[in-house]
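Accompanying notes for the structure given below.
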Amino acid sequence: MRHSTLLLCLTAVVLLAVPACRAAEPAVDATGMPVVQPNILGSTTGTDTGTQARENESLTTQTRRIREGETKFEFQAEVNRLMDILINSLYSNKDIFLRELISNASDALDKIRFLSLTDKAVLGEGDNAKLEIQLSLDPVNKVLTIRDRGVGMTKEDLITNLGTIAKSGTAAFLENLTKSGDVNLIGQFGVGFYSIYLVADWVEVVSKHNDDKQHVWSSDANGGFTIAEDKEGEDIGRGTLIRLHLKPEAMEYAEEAKLRELVGRYSEFINFPIYLLSEKEVEVPVEEEEEAVPAEDKEEAADADDVEDDDSDDDSTDETKTDETPKTKTVKKKEWDLLNDNKAIWLRKPQDVGKEDYHKFYKAISKDSQEPMGWSHFKAEGDVEFKAVIFVPKTVQHDFYDKYYEKGAKGALKLYVRRVFITDDADTLLPRWLGFLRGIVDSDTLPLNVSREMMQQNAALKTIKKKIVRKVLDLIKKWADDEQSCRKGDNAKELEEADSGAPGMTGCELYAKFWEQYGRSLKLGMIEDPTNRNRLTKLMRFHTSKSTDQMTSFDEYVSRMKEGQKDIYYLAGTSKDEIAASPFVEQLLKKGYEVIYFTDVLDEYVMQHVLDYDDKKFANASKEDLKLSDKDDQEKKREKELKSEFKELTTWWKKALGMEVTNVKVSTRLATTPCVVVAGKYGHSANMERIMRAQAFQDPNKGGVQKGTRTLEINPRHPMIRAIRDKVAATGGEASEEVTNLARILFDAAVLESGYLSDNPKAVTQRMQALVSAALGVASDSVLEDDVPEIEEIEEDDEDIEIKSNDKEEL
């Protein structure tokens, strides 16, 4: 015992001596190198990341320790104010209160159905076994009632779930089921119930659980609630009944039409039937009320019939039929109407859904009277799981392009979470250029905020968007491939006979109809969506010089390219005929090159973003430095000779035009036209200038910049150009005013023929009039004749004047 006591004392002395020894250690020289202690591996006197973390942890521990004399208090909150913030801050739209209550009712029904899988007795018998939701109105007392036959709540549940803000019974239910399986229920935030106070100033909740008596919970959201056993009310069997005493400003929700609208918008695809008790006018036979007629009256009526003459049997057949028709009267009767008869077909496998089901479903969600052109029904799995049915309408919406930047993809897709509508303002789920689509996206894993009105911005939405776009493009590509197969003769007969799903269209015709309606949308996608630009480029369609009647693709163009051709030639204009007659493509067409005719206003915008296709560069025939691929050495040598031969003319002409052009060159693209004005390599073509001028908010200051990129190209083989060259050469690089005017007129004509607008129309017309005057032999200094010829004055005698005056007096 003494030895043990002595050992403990020695140990205590050693422990007390350690801090003292450490305090006596000399200070470390901060300017020196870190010293490694021999007994501690890797320890240094410097500060590393681990040391800093340990110091922070030590500091945090010291901060959190209980200090001597401290007192703990709870945060206080004014319940009334908290409820006001909760109700009016979480929800911006009053309409969603019904969605929240129906969702809660659906959760309760899901719970009892789940429990019935192991114990069927929990459902009960008769009406209690019906898993449904009922809505009813009492306009006189301003009461809206919502009832479900779900699991119900005990007294403790009412206190816990409704009396504690943000307490969710569904969340607790899920927690208990984590080991047994995955049951997805929507009401996991515990605040949806309080949205009822957006429209109600007093709420009663009557609930009956199988394990408890029927209780009623009531509150006006002013800081308290009451609970009592419901001994006076109707026995609801099992489930929950909610009575909303509507506010005066919320009386619109006491109308059947409003409730039908809200259920159709938010809860159309809830798993359980939703019924509305509605008042209808029905025809009932009058005989039903004969029991109320006194017996004496009946006997008198019978005697009167016996007295009638037997000839009454000879009455006409029509009169007999009229007498035999039972009399009816109109009475008002209340019946339960089913509000959500549309089925969530996206939950079924595509092979189990028929064409007519798709057509009916499309019309229900889009309100379109026509059948869809096609659809894509798929299920996405992975990090984000969702199901979707995407439809392509048969025709584009009449205002789609007019409101393209204003509306975008709003309303295109409806986002659901476990069949509960969340929003149709899903721009993040669909790019703007696919806003013509219609469909449903339903996700079980998409995270929501507590009000279910706004989606959290996260990677899940981007993943959903990417998958939807890919599926839609796969559908469109299939139509395009079917079209190509028909042209090549591959499976053409099968595709002609195949049902495309769209009435009146076969597989071979489908893509042509699609491009006619939505080709402009795909072009906008090529501009706005660089990720899918290559896929969209393959889907583009256009006319060419070798395919004027039938639209073709880039793949078909490349397959027809001449041997050695390196560029894909195109020209934009207002029509095919205008482009075909353009001087820009004269030499190209003469040598057999195929030229793409772009006639849509978006085409040149698109080509600014698409630089090549299949390793072939795009070449705009209206831009300078157009190169033909089939030139031999002799042609190249001849071009150099022509440039040298016309160098004096091009120099003079550039000086004569001044700043109107950047250069004058010898052209290789012209065949019969004397000259043409082309755009610079990085300037705007004539067609693009025309489009930009037509824009309402075009900056007028940019016009001068674009004009400065014009180049005049002359045809060295044309006789007029050679004649001007000879005139200029004869005067030693100078020219007379007459030759200068002729050259100016040729330039003016080239500007107009090339599609540009003249900057000085008055000067152009004056030069044209001077040319016509010279051809007619009219001198330039000729004087114009007066419009009114002079009338010779005639002297009259005084006698004649008197006679005329006397004649007037007589008259």
- Task: Go through the stretch 365-403 residue by residue and tally those that are over 23 Å from LEU524 (Cα atoms) and without any contact (Cβ under 8 Å) to a residue 60 or more places away in the chain.
- Result: 8
- Message: Scan the stretch 394-412 and tell me whether some residue there is over 18 Å from ILE464 (Cα atoms), surrounded by 16 or more Cβ atoms within 10 Å (Cβ to Cβ) and touching a strand residue (DSSP E or B) at 6+ places or on another chain (Cβ under 8 Å).
- Response: no
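Table: residues versus (1) under 22 Å from GLY264 (Cα atoms); (2) modelled with pLDDT under 90; (3) β-branched (Val, Ile, Thr).
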| residue | (1), (2), (3) |
| --- | --- |
| ALA412 | yes, yes, no |
| VAL417 | yes, yes, yes |
| ALA426 | yes, yes, no |
| THR445 | no, yes, yes |
| ASN458 | no, yes, no |
- Which numbered condition trips up LEU752, out of (1) open to solvent by 50 Å² or more (accessible area, probe 1.4 Å); (2) part of a helix (DSSP H, G or I); (3) more than 23 Å from PHE584 (Cβ to Cβ)? (3)
- Message: Condition check: more than 14 Å from LYS465 (Cβ to Cβ), of a type outside the set (A, V, I, L, M) and surrounded by 16 or more Cβ atoms within 10 Å (Cβ to Cβ). Does SER376 satisfy that?
- Response: yes
- Message: Restricting to the stretch 239-281, count the residues that are open to solvent by less than 50 Å² (accessible area, probe 1.4 Å) and either more than 19 Å from PHE193 (Cβ to Cβ) or modelled with pLDDT under 90 (or both).
- Response: 12
- Item | Residue match in the stretch 530-545 (condition: modelled with pLDDT of 95 or more, open to solvent by 20 Å² or more (accessible area, probe 1.4 Å), not hydrophobic (A, V, I, L, M, F, W, C) and not in a helix (DSSP H, G or I)) | yes
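Which residue, of PHE554, PHE584, is aromatic (Phe, Trp, Tyr) and under 29 Å from LEU752 (Cα atoms)?
On the way: PHE554 fails: under 29 Å from LEU752 (Cα atoms).
Sole residue among the options that is aromatic (Phe, Trp, Tyr) and under 29 Å from LEU752 (Cα atoms): PHE584.
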- Which one of these does LEU589 not meet: (1) within 22 Å of VAL751 (Cα to Cα); (2) open to solvent by less than 30 Å² (accessible area, probe 1.4 Å); (3) not in a strand (DSSP E or B); (4) not hydroxyl-bearing (Ser, Thr, Tyr)? (2)
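State whether the residues of the stretch 596-604 include one that is open to solvent by 50 Å² or more (accessible area, probe 1.4 Å), part of a loop (DSSP other than H, G, I, E, B) and more than 30 Å from GLY374 (Cα to Cα).
First, pick out the residues of the stretch 596-604 that are open to solvent by 50 Å² or more (accessible area, probe 1.4 Å): 599, 601.
Imposing the further condition that a residue be part of a loop (DSSP other than H, G, I, E, B) reduces the set to 599, 601.
Adding the requirement that they be more than 30 Å from GLY374 (Cα to Cα) leaves none.
Among the residues of the stretch 596-604, not one is open to solvent by 50 Å² or more (accessible area, probe 1.4 Å), part of a loop (DSSP other than H, G, I, E, B) and more than 30 Å from GLY374 (Cα to Cα), which makes the answer no.
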- Residue list for the stretch 350-363, restricted to those being under 24 Å from TYR518 (Cα atoms) and open to solvent by less than 20 Å² (accessible area, probe 1.4 Å): TYR358, HIS359, PHE361, TYR362
- Of the conditions (1) in contact (Cβ under 8 Å) with a residue 60 or more places away in the chain; (2) of a type in the set (Lys, Arg); (3) over 18 Å from ASN104 (Cβ atoms), the single one that LYS280 does not satisfy is (1)
- Pairs under 9 Å by beta carbon, first residue more than 30 Å from ASN271 (Cβ to Cβ) and open to solvent by 70 Å² or more (accessible area, probe 1.4 Å) in the stretch 325-349, partner in a strand (DSSP E or B) and among the hydrophobic types (A, V, I, L, M, F, W, C), six or more apart or different chains? THR328/VAL284; LYS329/VAL284; THR330/VAL282; THR330/VAL284; LYS332/VAL282
- Residue list for the stretch 518-529, restricted to those being surrounded by fewer than 19 Cβ atoms within 10 Å (Cβ to Cβ) and either within 13 Å of GLN608 (Cα to Cα) or in contact with a Ser or Thr (Cβ under 6 Å, 6 or more places away or on another chain) (or both): ILE527, GLU528
- Within the set of pairs 6+ apart or on separate chains, which have a first residue in the stretch 642-660 that is within 17 Å of VAL678 (Cβ to Cβ) and open to solvent by less than 60 Å² (accessible area, probe 1.4 Å), a second that is assigned to a helix (DSSP H, G or I) and among the aromatic types (Phe, Trp, Tyr), and C-beta atoms under 7 Å apart? LEU657/PHE747
- Name the residues in the stretch 674-695 that are closer than 26 Å to HIS718 by Cα, open to solvent by less than 10 Å² (accessible area, probe 1.4 Å) and assigned to a loop (DSSP other than H, G, I, E, B), would you? GLY680, SER685
- Specify which of the listed residues (GLU291, GLU300, GLU296, GLU287) is modelled with pLDDT of 55 or more and out of contact with any strand residue (DSSP E or B) (no Cβ under 8 Å at 6 or more places or on another chain). GLU287
- Query: Regarding ALA743, is this residue in a helix (DSSP H, G or I), modelled with pLDDT under 90 and among the aliphatic types (A, V, I, L, M)?
  - Reply: no
- Message: Can you find, within the stretch 473-519, the residue that is modelled with the lowest pLDDT among those that are touching a strand residue (DSSP E or B) at 6+ places or on another chain (Cβ under 6 Å) and in a helix (DSSP H, G or I)?
- Response: GLU496
- Message: Suppose we keep only residues that are open to solvent by 100 Å² or more (accessible area, probe 1.4 Å), modelled with pLDDT of 70 or more and not hydrophobic (A, V, I, L, M, F, W, C) within the stretch 767-808. Which one would you say is nearest to VAL664 (Cα to Cα)?
- Response: GLN769
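The values are calculated or read from the model by the stated rules, or taken from the named source; none is laboratory data. All values reported here derive from a predicted model rather than from experimental measurement. Here Cβ is always computed from backbone atoms with ideal geometry, including for glycine, and neighbour counts include all displayed protein chains. These area figures cover heavy atoms from the full protein model, side chains too; ligands, DNA and RNA do not enter into them. Shrake-Rupley method; radii C 1.70, N 1.55, O 1.52, S 1.80 Å.
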